[in-house]
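Enquirer: My questions all concern the structure below.
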């Protein structure tokens, strides 16, 4: 009977918030603590997924879905590919020196204290939410991205008056295109350059090699003398 | 027996009280602060270049938590200002730019690995004067 009463009194929004918050923070700390890069990638996936749950709880369904699709589904796959391509045995876990760890802990504690002090400093932020249930947020976000703010439309100001996010959207899309082309250019498989005939001749001719060394030594001497 | 029961109640009681209260913006700000700090430490401490990348992702994610919290209509207390839709759209842009940044940084890391046969950022000192 009391169990039923307790169950009825529990605010499940808050309970789920604490669940996802503990998961997100715990796995974020796990990313820092873990030395193995594969485990770090796994913890990062779990932390970002729990953060998507927090976004859902804050009423930002579209952002949560994008977080899952782009971050967890795209960026993390990219990172895991990087881990796989570079995971030679000595680099899977590169240890940090204990002194660096202690220093990082001190810096982290002071930074966290500063941020928490800022988070608790404004009284209006500490008031519990009034819990207005709005419509699902994906339509206003989509309309804002094409340049129409339906969320701030009213009788005296029709939706077209306030500018949306069409220009930032275009800038970001072109930026993404340029960046991905650049990344493909940077990471392309390089063809090994075939040495030209004169370099082959120089490398097989010992006399040419000694002449080159003598020239280098002479120029070094001349440089020293002029100084 | 009763002592154990009492201590259990002492632990469960505040937890139960915490789950009946409503979530405020500060709750989200605390989560964002922890994620941000973890990311900063990860960037500073890790010697693997991919670990540094993961730290950057954590930092951007912590900032996103703050944006979404300030944008949320659920969490806004009585009389508190809110970002509204702006916060959500900025969070979306941050996610996109994080994806772009991860692609470029991964390409640079692979290039570094091809040239130096290591991903240890302490070995990347070719530009040291």
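Enquirer: Which of the peptides A:28-37, A:13-22 is most tightly packed, and how do the rest follow, judged by the mean count of other Cβ atoms within 10 Å per residue?
Expert: A:28-37, A:13-22
Enquirer: Count, for each residue of A:94-104, the Cβ atoms from other chains sitting within 10 Å of its Cβ, then give me the mean as a whole number.
Expert: What the average comes to for A:94-104 is 3.
Enquirer: In addition: For B:120, B:126, what's the fewest-to-most ordering of other Cβ within 10 Å of each Cβ?
Expert: Taking fewest neighbouring Cβ atoms as first place, the list is B:126, B:120.
Enquirer: Can you give the mean number of other chain Cβ atoms that lie within 10 Å of the Cβ atoms in peptide B:108-118?
Expert: Across B:108-118, the average partner-chain Cβ count within 10 Å equals 4.
Enquirer: Evaluate peptide A:105-113: per residue, the Cβ atoms of other protein chains within 10 Å of its Cβ; return the mean as an integer.
Expert: 4
Enquirer: If each residue's Cβ is checked for other Cβ atoms within 10 Å, how do A:102, B:45 rank with the fewest at the top?
Expert: Exposure proxy ranking, most exposed first: A:102, B:45.
Enquirer: When a footprinting reagent is the concern and you count Cβ atoms within 10 Å, what order do B:89, A:106, A:80 take, fewest first?
Expert: Going from sparsest to densest Cβ surroundings: A:106, A:80, B:89.
Enquirer: Here's something else I'd like to know. Rounded if a/c is under 1.5, else prolate if a/b beats b/c, else oblate: with a ≥ b ≥ c from the C-alpha gyration tensor eigenvalues square-rooted, which is segment B:23-120?
Expert: It is oblate, given that a/c is not under 1.5 and a/b is not larger than b/c.
No lab work stands behind these numbers, since they all come straight from the coordinates. Please read all numbers here as calculations on a predicted model, not as lab measurements. With ideal geometry, Cβ positions are generated from the backbone for all residues, glycine too; neighbour counts draw on all protein chains shown.
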